[in-house]
Amino acid sequence: MPNDIFVITEQIDGTFADISFEMVGKAKELAASWGGQTIAVVLGSGVSADAFASDSTLFINDPNLAQFNPEAYGKVIEALVQERSPRLVLFGWTATGMDLAAWLSARTGKPCVAYARDLCIENNALVVNSQVYGGKMIAEVAPEGDLAIVACVAGTFSTDAGRGSTPATSMPSPVALDELKVKFVEAIKPAGGDVDITAQEKLVSIGRGIGGKENIELAEELAEKLGAVVSASRPVVDAGWLPRTRQVGKSGLKVKPKLYLMLGISGAPEHLEGMKSAELIIAVNTDKKAPIFNVAHYGATADLFEVAEAMLELL
Amino acid sequence: MLTTIEKIVFIILALISAGFTVHGIKTIVDSVRKGRPAPDLKNIPASLLKAGMKVLFQQTIFKARKVLSAIHLGLFFGLITYAFVNLVDVLEGFIPGFELVYGGRNLAFPFLPAGIINAFNLTADLMSGALLIAITVFLVRRFIAEDKRLRFRENVLLNPKVKAGGQNTDSLIVGIFVILHVTARLFGQAFRLTDGADPFMPIASILNSLFGSSETGTHVAWWISLGWVLFILPYITRSKHTHFTVAPINLGLAKQNPRGQLDPAIPLKVLNGNHYEPGAKVLHDLPWKRVLDAYACVQCNRCQDVCPANFSGRPLSPAALEVNKRYLLKEATFGSHPERLLLPLTETVISPEAVWSCTTCYACVRVCPVGNEPMADIVDLRRRMIIDGAELDSGVQNALQSLATNGNWMSKGKRLRGRWAKEMEVPIKNATEEPVENLWFVGDTASFDERVIPNTKMVARVFQCAGLDFGILYQNESNAGNDVRRVGEEGLFEQLVEQNLQAFGKAQFKRIVTTDPHSFNTLKNEYPQFGGKFEVKHYTAVLVRLFEEGKLTIKHKLPHYKVTFHDPCYLGRYNGGFTAPRKLLEMLGVEFHEMPRNCENSFCCGAGGGQIWMGKVVPGERPAENRIREALTTLEKNPDEKKQLFIVTCPKDMIMYSDAVKTTGNEGKIEVCDLIQLVAEAVGVEESMVTEAVASGAVV
Amino acid sequence: MNIVVAIKHIPSIADDLPVKGNNIDFDSVDFVLNEFDEQSIEQAVLVKEAVGGTVTVVGVDLIGELDGVLHLALAKGADKAIKVTADEPGADSHMQAKWLAEAIKAMTPDLIFTGVQASNDLDGQIGPMIAAYLDMPYIGGVSSVEAADGTAIVTKEFAGGMAGKYSVRLPMVVGVQAASKPPRYAPISKVRQVAQTATIEKVDPVGEASAGLAMKKMAPPVMSGHAEMIEGSAKEVAAKIVELLKNRGLV
């Protein structure tokens, strides 16, 4: 329908990601303005999809959709969009959404906006605010045409407005999914035996500024003295200095500790996504222009090694 | 004295010994020749002569270990004397009636004046004593006192034979040789004294009084004495005692270009159309001169003593490097394992971690008594490791990538380089826009590091105060490349040189002035090879001249400071810039005390050779911490109420030592200051500027 | 195996970005290689080293300064370099993806690598779009790739340390997040050697696509708050932090 909003939700084993609720909530706001419906779209196999406060929920139930498969999901969503002509399709700017949003845009020839932090309606037209250039710029854009695809950064809207119990309409896949080139092989769970950083009250988080694997010991000593655990930003994990189970951020874990002590992390949006709701954020970074200083509660432009060593002596 | 049979046997044995010795020498020469071409040498005979004189006066060993060096005099002059002595012994054996005892009064043909014979005998006798004392001291030092300096730490890569004590065996053999040889000869002389004591052979006479004379004894002693020589001569070609002859040769063939100019990565001379990869991977990739180094090495470990990396527990020992090279060559030539020479040096001679621990401070090269250059080997190894895509420390990789893209190692935008200058009250000229007399090459650290910028500004103000005509390149300046070259990235070094030469081309100036010793070194010594020949001065020399010309005058002297001065490696040891800073301190009227390790013997802060990029947190005492302690000990020897200062003239020193003061818990006891801060105070450049420096933490 | 790496030359975010009108001032900003493309190039070379084949690097030359980047890729192990000469500093992802897809079509690749995202992907990433234009499957967020006989096994990273293994019938497009090994260092002398000997093929931009976004504004974010900065030496900072923690019963 011409003013409807599709919200492409995400679930793993039946548990929906918070971003899905955030988007449903926001979609309802926008749909009200346009006089359209909020339609939550769930793809999966045999899961309970009655979780949203949408006007309606479409549950595409197919064993090929049990695990995320970009090819299968893309084909299904494309078919649904062609069938039902929504005005807006919302994806999460997540590991799954990032495989689908731009693809759908190229397939349909309709505009796509990524890194979205806010959407609103001005004169009946959609206006999107996105954080680009590593968070250094906010772009305000108006997608042209009758269909817009927007990928939203997680942690922007409240989840409450999106939670509900709209009964889902289960249906088979609108397209054949038997000749897929992409096959899910297996899930790789994080290596067991490592700490769960989401359950920690205190985290000492290190970034690129730590310089190398050898220097992590210093952070671990400090963490131990503080009764904390060491976590890290993506570059540290990508370089292999710490396991992925320690990664905080968009492609890592979301944490909400009482103390988040950051050493040498600049504060890129992807990292902020994972920790900005921490109760006490203290950031140490030699760059006084580091974006983290806009988010942290306390900050210092000092050498992280010197501060860590000095703290060790005092504790 | 010898029977005919004895003579024949001796000649045969001598020929065999000579054969082996010549073979040994040839093996060494062949080995050395297989090395790559080395930079050209001029006037070799003169150099060899000069080296010979240096060795004759034993100058080179006294750079360190003065007591042991004094004892070595006994060995040195003793063995030189014995060269003649042994010749005479052979003559005495072969020429009947040729006997120099008792002033030669029994000589069949008395053509030698008795005086000379007596002098000879006395010298020989006393030198025998000196030799025995010296060798005994050294053997006691090695085997009983077990001097730690002769050993290597656990984490240093060692040739298995060295680890198993090969060096001790070698020393023992030669030690026993000297003792037996000299003792036998003394006894031989003693046994020849048939008429009681010869006053010109005091030691032999004493032995004679105890053991009497004996014809048989004379023969036996002669044979033991000279038989040992025949044995030891070929042995020496396989021992560190090749240094007897190779040391003066190595010193004479030492490189003649400036200390601060690295050898080219690829030899300029190409033989037989060889294609050379830059740097070195296997032993014969090294220039022939550095293959010779292995044969000159006396394995004394003086270089290890002065190495800052070794001091802080890193697995680097320049001594182990040369010793391992020698043992590798031995295995490959005398030991018939030539295939070992095809193994990478990083497996046989020095570990990769050790290669990357070097700060390129040059202390090892400077202290070496025989002219070895272990540091140069390390740089060559780095060059090849980079080309071959060895895994690099992430800090170094980031620094190199930043240098390639931004021209500075701190990942800062090019445009930010001149920002400190734009904040000055009196604007600083842009040398690419208007001609200046002095082009001030500022350097990365002084331009970007918040801790150092206040000093940079102070230099600018003092220059302005003196009416010096100067300008900077602003964003057209790139890192001079000194440390890039020493990390082994020759290509990036060339790129930076090109960029800087281009920037210099845009400017008009009489000379280059710099506050950064690393930049000073490469601009002065290496840029000319790339077409950039300029007059380059360190700012301390400029300040001295300004004072001498009256353009700067001291308003108040600073006797309330008690200071010591740290000679930065690249200004001092590399380029001899010791006088200017001291002249300035003298003019400033501070109470000045010299640290024990000063001038050429200064102890590196540990930042060079890429170490400052590595951000590696080293366990144990860091070189800079040790240096601060040395400074405190020096200053506290003269206790008074004055403020204690550690004076530096290098931005990296500023950072390293300020840090060390904190980490050693000495804040409040000693402050690290750049010389410019004292100059500014004495000249009366505005006080507010000094307070700014204090506030930003540059002055601790 | 015929491997293609599609790279993106993007405005550098090292300094503050200049703005002109309602977008970035593309004429006065420096352009650099997308950092994820460094991973993508490395992963491509690793696959080539494992199974053999050729790696072709292709990018849109927006401001005429792409050669240096292409030389670097060649020095790191790529075999061929192609640039789409566009001279359009402000070209959006859709345009670039279209031009790249057209240039890549003729190469009949088995594997196409791109960086998983770029900081200027306002209208989406080029990887999924190239896949859509070439009708190939796309998987992004990949941290390892193994390829053999017409199939690739890729590992896709999800949030929270989870990952998924997928088997894909080639050809496909991969959005690389991290190569299975950190990108190697290419010595400058090698890059310069390459710069002297290599030829970069030039192609004209073919095809049209548009982001379809009307730019209304581009400005730095208005910061609602700022951290309370702790001044002083490292020792003083440490002391204040410890005090803070003690006051809150955290230590």
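Taken together, the values in this text are just the output of simple stated rules run on the coordinates, not laboratory data. Small disclaimer: the values here were computed from a predicted structure and weren't measured. Heads up, the Cβs are rebuilt from the backbone with ideal geometry, glycines too, and the neighbour counts pull from every protein chain shown.
Can you classify region B:497-630 as rounded, prolate or oblate using the Cα gyration tensor, where a ≥ b ≥ c are the square roots of its eigenvalues, rounded means a/c under 1.5, and otherwise it's prolate if a/b beats b/c and oblate if not? Show your work: numbers first, answer last.
Numbers: a/c = 2.47, a/b = 1.12, b/c = 2.21.
Oblate, since a/c reaches 1.5 and b/c is not below a/b.
When ranked by the protection proxy of mean other Cβ atoms within 10 Å per residue, highest first, what sequence do the peptides B:526-537, B:599-610, B:371-382 form?
Numbers: B:526-537: 16.1, B:599-610: 23.8, B:371-382: 26.0.
Ranking, from highest mean packing down: B:371-382, B:599-610, B:526-537.
Taking only the Cα atoms of the protein assembly as shown, how large is their convex hull per residue, in Å³? The partial results should precede the final answer.
Values: hull volume 263.6 nm³, N = 1266.
Given the Cα convex hull of the protein assembly as shown, per-residue volume reads 208 Å³.
Placing unit charges on C-beta atoms (Lys and Arg positive, Asp and Glu negative, everything else neutral), compute the dipole magnitude of the protein assembly as shown about its Cα centre in debye, rounded to 20. Each step should come with its number before you reach the end.
Working: 126 positive and 141 negative charges, 862 e Å.
With Lys and Arg at +1 and Asp and Glu at -1, about 4140 debye.
How many angstrom lie between the Cα centre of region B:367-441 and the Cα centre of region C:221-236?
Rounded to whole Å, the Cα centres lie 31 Å apart.
Give me log10 I(q)/I(0) at q = 0.08, 0.17 Å⁻¹ for region A:163-315, Debye formula, one equal scatterer per alpha-carbon, no solvent.
Per q value, in the given order, log10 I(q)/I(0) is -0.30, -0.91.
What is the order of C:Asp135, A:Asp194, fewest Cβ neighbours within 10 Å to most? If you can, show how the numbers build up before the last one.
Values: C:Asp135 9, A:Asp194 14.
Ranked by crowding around the Cβ, least crowded first: C:Asp135, A:Asp194.
To the nearest 20 debye, what is the magnitude of the charge dipole of chain C about its Cα centre, counting +1 on the Cβ of each Lys and Arg and -1 on the Cβ of each Asp and Glu? Could you put the intermediate results ahead of the total?
Numbers: 22 positive and 32 negative charges, 150 e Å.
Result for chain C is approximately 720 debye, rounded to the nearest 20.
Inside 10 Å of the C-beta atoms of C:185-196, what's the mean count of C-beta atoms belonging to other chains? Could the numbers behind the result be given before it?
Numbers: counts 12, 6, 15, 14, 13, 4, 4, 5, 1, 0, 0, 0.
Averaged over the peptide's residues, the number is 6.
Give the Debye-formula value of log10 I(q)/I(0) at each listed q (0.09, 0.11, 0.16, 0.19 Å⁻¹), with one equal scatterer per alpha carbon of region C:2-203, two decimals each.
-0.31, -0.47, -1.01, -1.40
Using r as the Cβ-Cβ distance of C:Lys202 and C:Asp15, and R0 as 41 Å, what FRET efficiency do you calculate, to the nearest 0.05?
Working: r = 30 Å, r/R0 = 0.74.
Efficiency, from the Cβ-Cβ distance: 0.85.
With no solvent and one point per C-alpha, what does the Debye sum give as log10 I(q)/I(0) for region B:283-387 at q = 0.10, 0.15, 0.16 Å⁻¹?
Each listed q maps to, in turn, -0.24, -0.56, -0.64.
For chain A, count the residues as N, evaluate 2.2 N^0.38 Å, and divide the Cα radius of gyration by that value, please. Spell out each step's value before the answer.
Details: Rg = 21.3 Å, N = 315, 2.2 N^0.38 = 19.6 Å.
Normalised Cα radius of gyration, chain A: 1.09.
Based only on other Cβ atoms within 10 Å, what is the fewest-to-most ordering of A:Ser251, C:Ser224?
Values: A:Ser251 27, C:Ser224 7.
Listed from fewest to most nearby Cβ atoms, that is C:Ser224, A:Ser251.
When 1/r is averaged over all different Cα pairs and the result inverted, which Kirkwood radius in Å belongs to region A:5-171? Show your work: numbers first, answer last.
Details: mean 1/r = 0.0640 Å⁻¹.
With all distinct Cα pairs of region A:5-171 included, I get 15.6 Å.
Using θ = phi - 60° and the Karplus relation 6.51 cos²θ - 1.76 cosθ + 1.60, list the HN-Hα couplings for region B:300-316 in order, rounded to whole Hz, with x at every Gly or Pro.
8, 6, 4, 5, 4, 4, 9, 6, x, 5, 4, 4, 8, x, 6, x, 9
Quick one: how many lysine pairs does region B:52-200 have with C-alpha atoms less than 20 Å apart and a gap of 8 or more or different chains? Give me the count, please.
Numbers: B:Lys54/B:Lys63; B:Lys54/B:Lys66; B:Lys63/B:Lys148; B:Lys66/B:Lys148; B:Lys148/B:Lys161; B:Lys148/B:Lys163.
Within region B:52-200, the lysine pair count is 6.
Are there any chymotrypsin sites (Phe, Trp or Tyr not before Pro) in region B:51-133 that are in a DSSP loop and have at most 12 other Cβ atoms within 10 Å? List them by number.
B:Phe57, B:Phe111
Place +1 on the Cβ of every Lys and Arg and -1 on the Cβ of every Asp and Glu in region A:139-208, take the dipole about the Cα centre, and give the residue among A:Ala187, A:Cys152, A:Ser205 whose Cα lies farthest towards its positive end.
My answer, from the dipole projection, is A:Ser205.
Roughly how many Å is it from the Cα centre of region A:118-175 to that of region B:528-548, as a whole number?
64 Å
Out of C:Leu213, C:Leu111, C:Leu66, any idea which swings most in a Gaussian network model of chain C, alpha carbons joined below 10 Å?
Looking only at C:Leu213, C:Leu111, C:Leu66, the biggest GNM fluctuation is shown by C:Leu213.
Label points 7 Å out from Cα along the Cβ direction at B:Phe57 and B:Lys506: separation in nm?
Roughly 5.2 nm, to one decimal.
Please give me, ordered by residue number, the chymotrypsin sites (Phe, Trp or Tyr not before Pro) of region B:141-186 that lie in loop per DSSP and have at most 16 other Cβ atoms within 10 Å. Spell out each step's value before the answer.
Working: sites: B:Phe143, B:Phe152, B:Phe177; in loops: B:Phe152.
Qualifying residues, ordered by number: none.
Taking the Cα centre as origin and putting +1 on Lys and Arg beta-carbons and -1 on Asp and Glu beta-carbons, what dipole magnitude results for region B:283-387, to the nearest 20 debye?
Working: 12 positive and 11 negative charges, 32 e Å.
With only Lys, Arg, Asp and Glu charged at Cβ, the dipole is about 160 debye.
Just the number, please: percent antiparallel of the DSSP beta bridges in chain A, rounded to the nearest 5. Mind dumping the intermediate values first?
Working: 14 of 58 bridges.
If I count the DSSP bridges inside chain A, around 25 percent turn out antiparallel.
At 222 nm, what helix-only mean residue ellipticity would chain A give, in deg cm²/dmol to the nearest 500, using -39500 (n - 2.57) for each DSSP H run of four or more? Intermediate results must be reported in sequence, preceding the final value.
Numbers: 7 runs with 78 residues, N = 315.
Taken over chain A, the calculation gives -7500 deg cm²/dmol.
Mind checking the mean number of beta-carbon atoms from other chains within 10 Å of the Cβ atoms in B:408-417?
Details: counts 0, 0, 1, 3, 3, 5, 3, 4, 2, 0.
What the average comes to for B:408-417 is 2.
For B:Phe530, what charge total do you get from the other residues with a beta carbon under 12 Å from its beta carbon, if Lys and Arg give +1 and Asp and Glu give -1?
Working: positive: B:Arg485, B:Lys533; negative: B:Glu490, B:Glu494, B:Glu498, B:Glu526.
Value of the local net charge: -2.
How many Å³ per residue does the convex hull of the Cα positions in chain B occupy? Don't jump to the answer; show the numbers that get you there.
Details: hull volume 131.0 nm³, N = 700.
Considering the Cα atoms of chain B, their hull volume per residue is 187 Å³.
Sequence neighbours fewer than 8 away in the same chain don't count; with that in mind, list the lysines whose C-alpha is under 18 Å from C:Lys156.
The reachable lysines, counting only those whose Cα sits under 18 Å from C:Lys156, are A:Lys181, A:Lys183, A:Lys189, A:Lys250, C:Lys165, C:Lys181.
Convex hull volume of the Cα atoms in region B:396-695, per residue, in Å³? Before the final figure, lay out each step's value.
Numbers: hull volume 37.2 nm³, N = 300.
Residue-normalised Cα hull volume stands at 124 Å³.
Partner chain Cβ atoms within 10 Å, averaged over the residues of C:213-224 - can you pull that number for me?
Values: counts 12, 8, 4, 8, 7, 8, 4, 5, 10, 2, 4, 2.
Neighbouring Cβ atoms belonging to other protein chains average 6 per residue here.
Would you mind ranking B:Phe211, C:Phe36, B:Phe547 by Cβ crowding within 10 Å, fewest neighbours first? Don't skip to the end; give the middle numbers.
On the way: B:Phe211 12, C:Phe36 23, B:Phe547 20.
Least to most surrounded, the residues fall as B:Phe211, B:Phe547, C:Phe36.
What are the GluC sites (Glu not before Pro) within region C:163-251 that DSSP puts in a loop, where the Cβ has at most 15 other Cβ atoms within 10 Å?
On the way: sites: C:Glu201, C:Glu208, C:Glu228, C:Glu231, C:Glu236, C:Glu243; in loops: C:Glu208, C:Glu231.
Filter output for region C:163-251: C:Glu208, C:Glu231.
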